Amino acid sequence: SAVISQKPSRDICQRGTSLTIQCQVDSQVTMMFWYRQQPGQSLTLIATANQGSEATYESGFVIDKFPISRPNLTFSTLTVSNMSPEDSSIYLCSAGLAENNEQFFGPGTRLTVL
Amino acid sequence: LAKTTQPISMDSYEGQEVNITCSHNNIATNDYITWYQQFPSQGPRFIIQGYKTKVTNEVASLFIPADRKSSTLSLPRVSLSDTAVYYCLVAPNQNQGGKLIFGQGTELSVKP
């Protein structure tokens with residue numbers, strides 16, 4: 001199994017600023033992903049964080065808006081750039097192992113943009 | 001990735017068995033069926049995964065018919081703490097990509 005922590009747990013930000021969310025896993029994992037979840041809604045996959053290379057983004061998400069880093073097997077960051085109130089959401093990090101389909105999720109970062 | 005369809009909400013009472021059915025008509029040969037549980041203000045948590053027939057663990061059972069176009073998550077004797085959103089997902093194993101696409105999920109409400 002894997003335990004995932006995220007920082008910060010929540011933040012309130014001003015329009016036009018950027019926030020970087022950190023995701024730390026307590027063991028080496030193969031896959032890391034970033035999701036967004038609006039209140040009362042399901043999770044939407046933003047991108048796959050690839051170690052040592054550019055992230056793979058899903059339709060509707062671009063690197064300029066959501067730059068992602070993954071310098072090693074246990075750490076990744078997601079930046080929400082030039083924020084607007086529409087970016088207010090919960091951002092979740094997940095990680096998985098190659099040998100099964102189970103993913104472990106972090107507790108999420110609740111972002112409010114004013 | 002195969003699309004899934006499941007009821008938006010279900011109600012139950014403590015001690016009852018709850019069965020949540022998910023349809024996935026376009027499931028591919030290399031797809032697995034996985035269920036996740038999400039409590040408010042928490043990330044989803046893996047419950048169970050299967051490929052065919054029946055899988056049982058300490059939390060739930062998963063029934064998959066031969067054609068694999070649907071699956072049923074069975075929660076025995078639910079308690080109030082089982083109130084959560086349950087997601088059915090269909091995806092290849094991690095080593096074939098690993099990303100999970102979440103549908104709307106089923107909001108289960110367990111009443112005393």
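The values are calculated or read from the model by the stated rules, or taken from the named source; none is laboratory data. Predicted model, so just to flag it, every value in this text is computed and none were measured. So basically every Cβ, Gly included, is an ideal-geometry build from the backbone, and we count neighbours across all protein chains shown. For accessibility, only protein heavy atoms count, side chains too; no ligands or nucleic acids. Shrake-Rupley method; radii C 1.70, N 1.55, O 1.52, S 1.80 Å.
Matching residues to (1) of a type in the set (S, T, N, Q); (2) in contact (Cβ under 8 Å) with a residue 40 or more places away in the chain; (3) farther than 30 Å from B:Trp35 by Cβ:
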position: A:Ser5; (1), (2), (3): yes, yes, no
position: A:Arg15; (1), (2), (3): no, yes, yes
position: A:Thr20; (1), (2), (3): yes, yes, yes
position: A:Val29; (1), (2), (3): no, yes, no
position: A:Met32; (1), (2), (3): no, yes, no
position: A:Asp64; (1), (2), (3): no, no, yes
position: A:Ile68; (1), (2), (3): no, no, no
position: A:Pro85; (1), (2), (3): no, yes, yes
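Kindly state which strands (runs of 3 or more DSSP E) lie completely within the stretch B:1-83 and contain at least 1 residues that are closer than 21 Å to A:Phe105 by Cβ and away from every other protein chain (no Cβ under 14 Å). Even if it seems obvious, please write down each step before you answer.
Values: elements: B:9-13, B:18-23, B:31-38, B:45-50, B:53-56, B:61-64, B:70-75.
By residue number, B:18-23, B:70-75.
Out of B:Leu89, B:Leu80, I need the residue that is open to solvent by 50 Å² or more (accessible area, probe 1.4 Å), touching a residue at least 60 places away in the same chain (Cβ under 8 Å) and hydrophobic (A, V, I, L, M, F, W, C). Which one?
Values: B:Leu89 fails: open to solvent by 50 Å² or more (accessible area, probe 1.4 Å).
It is B:Leu80.
Of all the residues that make up the stretch A:26-39, how many are more than 25 Å from B:Gln104 (Cβ to Cβ) and open to solvent by 10 Å² or more (accessible area, probe 1.4 Å)? So that I can check it myself, show each step before the final result.
Of the stretch A:26-39, the ones more than 25 Å from B:Gln104 (Cβ to Cβ) are A:26-30.
Those still in the list that are open to solvent by 10 Å² or more (accessible area, probe 1.4 Å) too: A:26-28, A:30.
Of the residues in that region, 4 qualify.
Looking at the stretch A:27-52, which of its residues are over 30 Å from B:Glu107 (Cα atoms) and over 16 Å from the mean Cα position of the chain (by Cα)?
A:Ser27, A:Gln28, A:Gly52 - these are the residues of the stretch A:27-52 that are over 30 Å from B:Glu107 (Cα atoms) and over 16 Å from the mean Cα position of the chain (by Cα).
Taking only the stretch A:74-114 into account, find how many residues are surrounded by fewer than 19 Cβ atoms within 10 Å (Cβ to Cβ), away from chain B (no Cβ under 11 Å) and among the acidic types (Asp, Glu).
Selection size over the stretch A:74-114: 1.
What residue, among those in the stretch A:4-23 that are out of contact with any Leu (no Cβ under 8 Å at 6 or more places or on another chain), surrounded by fewer than 16 Cβ atoms within 10 Å (Cβ to Cβ) and within 14 Å of another protein chain (Cβ to nearest Cβ), is nearest to A:Gly96 (Cα to Cα)?
Per the stated criteria, the residue is A:Ser5.
For the stretch A:56-73, check the following and say yes or no: at least one residue is under 13 Å from the mean Cα position of the chain (by Cα), away from chain B (no Cβ under 14 Å), open to solvent by 20 Å² or more (accessible area, probe 1.4 Å) and of a type in the set (S, T, N, Q).
Yes, there is a match, as at least one residue in the stretch A:56-73 is under 13 Å from the mean Cα position of the chain (by Cα), away from chain B (no Cβ under 14 Å), open to solvent by 20 Å² or more (accessible area, probe 1.4 Å) and of a type in the set (S, T, N, Q).
Is at least one residue of the stretch B:42-62 touching a residue at least 60 places away in the same chain (Cβ under 8 Å) and of a type outside the set (Val, Ile, Thr)?
No, there is no match, as no residue in the stretch B:42-62 is touching a residue at least 60 places away in the same chain (Cβ under 8 Å) and of a type outside the set (Val, Ile, Thr).
Determine, yes or no, whether A:Tyr57 is of a type in the set (Ser, Thr, Tyr) and touching a Leu at 6+ places or on another chain (Cβ under 7 Å). Steps first, answer last, please.
On the way: of a type in the set (Ser, Thr, Tyr): yes; touching a Leu at 6+ places or on another chain (Cβ under 7 Å): no.
Criteria not met by A:Tyr57.
Quick one: A:Ser42 ticks every box in (1) in contact (Cβ under 8 Å) with a residue 40 or more places away in the chain; (2) of a type outside the set (A, V, I, L, M); (3) surrounded by 13 or more Cβ atoms within 10 Å (Cβ to Cβ) bar one, so which box is it?
In the conditions (1) in contact (Cβ under 8 Å) with a residue 40 or more places away in the chain; (2) of a type outside the set (A, V, I, L, M); (3) surrounded by 13 or more Cβ atoms within 10 Å (Cβ to Cβ), A:Ser42 misses (1) alone.
Which residues, taken from the stretch B:92-101, are open to solvent by 20 Å² or more (accessible area, probe 1.4 Å) and assigned to a loop (DSSP other than H, G, I, E, B)?
Once the filter is applied, which keeps residues that are open to solvent by 20 Å² or more (accessible area, probe 1.4 Å) and assigned to a loop (DSSP other than H, G, I, E, B), the stretch B:92-101 yields B:Asn93, B:Gly97, B:Lys99, B:Ile101.
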